[in-house]
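Presented below is the structure to which this report refers.
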Amino acid sequence: MSSASYRAVLALPRARALFLTGLPARLCYGLLSIPMLLAVRAGTGSYAAAGTAVGLAGLATALLGPLRARLVERRPGALRPLAGVYALLLLLLAAVCTGHRPAALVVVVAVLAGACPPPVGPLLRTAWGRLAADEAQRQSALSLDTATESTVFALGPVLAGALVTVSSARTVLVVCAVLALVGFGLLPGALRAVPGGVEVKPSGRRTPLRVAGFAPLLGLVLAAAAAVALVDVAMLAAWGTVTTGVLTALFSVGGVVGGLLYGRLGLPGELTRRPLLLVAATSPCYALPALLHSAPAAALGLLLAGAATDVLLITAYQLVEVLVSSGSRTEAGAWVNTAFNLGAAAGTSLGGLLVDRAGPLTALGAPAALLVVAVLTGAPAVLRRHAVRRDATA
């Protein structure tokens, strides 16, 4: 399916304002991980405490993301207070990381901060869904949004490292708090100005997880994220830090380029089957480094895998618009993010276990096998849903 041009998307009413308003909040999230780790390390004198704080904060962000999205979706006025609490917790974290404080106190503040970040991505994608005139425009808008998010999260750690070098980790935490206040201070106005207004509240309390076809979609997203994290650990054990850094950057580049091409050109075939086909196509990409055991083969494989993974995410966001009723789409988009984050955490743990028990070569082959299992597990639900829809049409 061919899609609309990005110029046409940005020419939609309020589109440029919506696009620019989300950048400060996203940049806050892109910058955060390195200064949080270094600030907690400085405040406690322990890398173990720092790793625990960042890990638990990330887990809280992932697990509570759908609840925060539901709160903001049903009570739009809660967005600014939530952002204010989040900014205050970041400032408090910067304050308690001065000198050697009790590790438990610092970890608790970091976890509380991780529980509060407002759902900028799901909110913006819901707004793009309302703004687009048709499926072609929606595909281009979501692709542009995802490419922007991927770019911010790829460049964020680099910028954070540079800022920490010229200032301090605590100063960068303050910068993150300011970015959150600015971004989420402007975002409600931009969302209200989008044609279509605020989403209609759902008539019931039905979670998107009960919508037919949505849980299998989350399973595919989770598997794709686990494969990414797993291959990172395996490459680190096989080829070292420098090579892994370059290959990881290629994955990000492939994601941005693939997402932008998808938004402009589209893909043939039915949208509901596309995630399954994308995961199936990604498996051979991960098989390349395992079969050839060379960094050049891994470079090609990860470039293609990055493209397929970002297109999978964009397709998942498109399917949120198709499968989930108005009023629950922001929460559903947050579930997609949660599935990806939980998959990444599981993949990292599994990768470490496989490297220790079976060696790097076996770990390099595990992502491809994992995706094959995900396809075989998810195929019956996708095919059954397609058959029901075909019979209903007939």
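The values are calculated or read from the model by the stated rules, or taken from the named source; none is laboratory data. Being a predicted model, the structure only gives us computed values, none of them experimental. Cβ atoms come from the backbone with ideal geometry, glycine included; neighbour counts cover every protein chain shown.
Observations on the model:
- Out of VAL107, VAL111, VAL158, sole residue that is outside the structural domain of GLY327 (by TED's automatic domain parsing) and either free of Cβ contacts under 8 Å to residues at least 12 places away in the same chain or outside any helix (DSSP H, G or I) (or both): VAL158
- Residues of the stretch 259-276 satisfying the condition of being out of contact with any Lys or Arg (no Cβ under 7 Å at 6 or more places or on another chain) and not in a helix (DSSP H, G or I): GLY266, PRO268, GLY269, GLU270
- Matching residues, the stretch 131-150, being of a type in the set (Asp, Glu) and closer than 20 Å to ALA334 by Cβ: ASP145, GLU149
- Residue count for the stretch 347-368 satisfying the condition of being surrounded by fewer than 17 Cβ atoms within 10 Å (Cβ to Cβ) and either under 11 Å from ALA223 (Cβ atoms) or not assigned by TED's automatic domain parsing to the domain that holds LEU313 (or both): 0.
- Residue match in the stretch 160-174 (condition: touching a helix residue (DSSP H, G or I) at 6+ places or on another chain (Cβ under 6 Å) and of a type in the set (S, T, N, Q)): no
- Of all residues assigned to the stretch 48-57, at least one qualifies as being more than 18 Å from the chain's Cα centre (by Cα), over 22 Å from VAL175 (Cβ atoms) and not hydrophobic (A, V, I, L, M, F, W, C).
- When residues of the stretch 12-25 are limited to those that are surrounded by fewer than 22 Cβ atoms within 10 Å (Cβ to Cβ) and either of a type in the set (D, E, K, R) or under 18 Å from CYS116 (Cα atoms) (or both), the one farthest from the chain's Cα centre (by Cα): ARG14
- Qualifying residue in the stretch 126-147 (condition: assigned to a helix (DSSP H, G or I), at pLDDT below 90 and closer than 23 Å to ALA87 by Cβ): no
- Among the residues of this structure, ALA280 does not count as one that is assigned to a helix (DSSP H, G or I), farther than 25 Å from LEU323 by Cα and modelled with pLDDT of 90 or more.
- Any hit, the stretch 59-74, residues being part of a helix (DSSP H, G or I), of a type in the set (Gly, Ala, Ser) and surrounded by fewer than 18 Cβ atoms within 10 Å (Cβ to Cβ): no
- Scanning the stretch 78-97 finds no residues that are outside any helix (DSSP H, G or I), at negative phi and either small (Gly, Ala, Ser) or surrounded by fewer than 17 Cβ atoms within 10 Å (Cβ to Cβ) (or both).
- Restricting VAL311, VAL256, VAL336 to those that are farther than 26 Å from LEU209 by Cα, touching a helix residue (DSSP H, G or I) at 6+ places or on another chain (Cβ under 6 Å), surrounded by 18 or more Cβ atoms within 10 Å (Cβ to Cβ) and among the hydrophobic types (A, V, I, L, M, F, W, C) reduces the list to VAL256.
- Residue match in the stretch 128-151 (condition: β-branched (Val, Ile, Thr) and touching a Lys or Arg at 6+ places or on another chain (Cβ under 7 Å)): no
- Looking across the stretch 369-387, just one residue is at pLDDT 90 or above, small (Gly, Ala, Ser) and more than 21 Å from the chain's Cα centre (by Cα), and that is ALA369.
- Scanning the stretch 314-332 for residues that are in contact with a helix residue (DSSP H, G or I) (Cβ under 8 Å, 6 or more places away or on another chain) and assigned to a loop (DSSP other than H, G, I, E, B) gives VAL324, GLY327, SER328.
- Test result for ARG273, within 25 Å of ALA62 (Cβ to Cβ) and of a type in the set (Lys, Arg): no
- Those residues of the stretch 210-231 which are at pLDDT below 90 and either surrounded by 24 or more Cβ atoms within 10 Å (Cβ to Cβ) or not in a loop (DSSP other than H, G, I, E, B) (or both), in sequence order: ARG210
- Evaluated against (1) modelled with pLDDT of 95 or more; (2) over 27 Å from THR348 (Cβ atoms); (3) surrounded by fewer than 22 Cβ atoms within 10 Å (Cβ to Cβ), LEU112 falls short on exactly one condition, (2).
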